[in-house]
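Where a number appears in this text, it was derived from the coordinates with a stated rule and is not lab data. What you see is a predicted model, and the numbers here were worked out from it, not measured in a lab. As a convention, Cβ positions derive from the backbone with ideal geometry for all residues, glycine included, and neighbour counts pool all protein chains shown.
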Amino acid sequence: MLIPADAPLALIGYSSRAARALSALGLITLPVPDGLPADLIGACQTLKFSGALVAPTQGHAWLGAVTADTDARRAGRVDAVSFHGAAGAQGTFAYAEALSDAVRASGYAVVGASLLIIGHGAGDMVLAAPIARLGFTDIGLAADSAPEAERVRRELPSVPRLFPVSRRDSSVKALADRSDLVVLTGGELPRGLLQPYHTLLDLTGREKPSANGATLLDLYDLPAHHLARQLQHATGKSYRPEELSQVSTALS
């Protein structure tokens, strides 16, 4: 559907600072007052908004009010909504694909490598699902329990070798020893797990470089990739992440 150039963009849970930053892109953006998602959707559709960006604090509440895609249902939240499609208010979790975009842009060689995802359970470990689709041949899943790791397994692509285990199981060390990339989505890393040949992607933001010599995969441009995906869904317009590096800081 062709979207009018002057169609405004709603900001849900974002500040006026975010609106000013986005205006530098030529977008008409309006922070929307708090309210029931269904009521706000009706108002946005009446006023011909193109879509909405949804802040993390509002993402869970908006899930049930939109037609959610697979990424949004898997994550249990939305971060972007479009009002211009035939299906009405369509929600996505743009962070999911943005994460894989950022890993690809980092230059990390994923094809043929081994991956270990460590977290609490499906609620946080599914954040790494897009990364698991990039071409890894071996994937280990270490959750709080083996049944929870099995739940995560059902959300991942079919790979030749996939190993779901409890993070408390001694086999986690063996999985780590043959892994190249370790992704932490929740909790803390088991002591002594990382070795100098590992690369760590920490989605919790709490891990620091340590004496073990492991490399931290710094996805510094992830916010820009995320905003690019959000805007693509909400407005139908494509932006290059490098155009959004400064603007994206106002939304974080």
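Quick notes on this one:
- Calculated P(r) of the chain - Cα pairs past 23 Å, %: 53 percent
- Kirkwood hydrodynamic radius of region 1-128, from inverse mean 1/r over distinct Cα pairs, in Å: 16.0 Å
- Ascending count of other beta-carbon atoms within 10 Å, so fewest first, for 199, 70: 70, 199
- Full-stretch length increase - residue 16, residue 61 - with 0.36 nm per residue and alpha-carbon distance subtracted: 14.1 nm
- Size descriptors for region 175-239, from the alpha-carbon set: Rg then Dmax equal 15.5, 46 Å.
- Degrees separating the helix 37-46 axis from the principal Cα axis of the chain, which is the longest one: 50 degrees
- Calculated over region 109-216: convex hull of Cα atoms, volume per residue (Å³): 86 Å³
- Counting only Cα atoms, the size of region 33-87 along its three principal axes is 30, 26, 15 Å, in decreasing order.
- With both labels modelled 7 Å from their Cα along Cα-to-Cβ, the residue 39 to residue 73 distance reads 2.9 nm.
- Reachable aspartates and glutamates, given that their alpha-carbon falls under 14 Å from the alpha-carbon of residue 208 and they are not under 8 places away in the same chain: 188, 218
- Gyration tensor verdict on region 78-156 (Cα atoms; rounded if a/c is under 1.5, prolate if a/b is larger than b/c, oblate otherwise): oblate
- Candidates 237, 173, 208, ranked by Gaussian network fluctuation over the chain, Cα under 10 Å, top entry: 208
- From the alpha carbon centroid of region 28-88 to that of region 223-252 is 17 Å.
- Among 117, 28, 41, sorting on how many other beta-carbon atoms sit within 10 Å of each Cβ, with the fewest leading, yields 28, 41, 117.
- DSSP beta bridge pairing in the chain, given as percent antiparallel to the nearest 5: 20 percent
- Residue exposure proxy: 249, 235, ordered by other Cβ atoms within 10 angstrom of their Cβ from fewest to most, comes out as 249, 235.
- For residue 91, the shell of other residues with beta-carbons less than 12 Å away shows a net charge of -1, using +1 for Lys and Arg and -1 for Asp and Glu.
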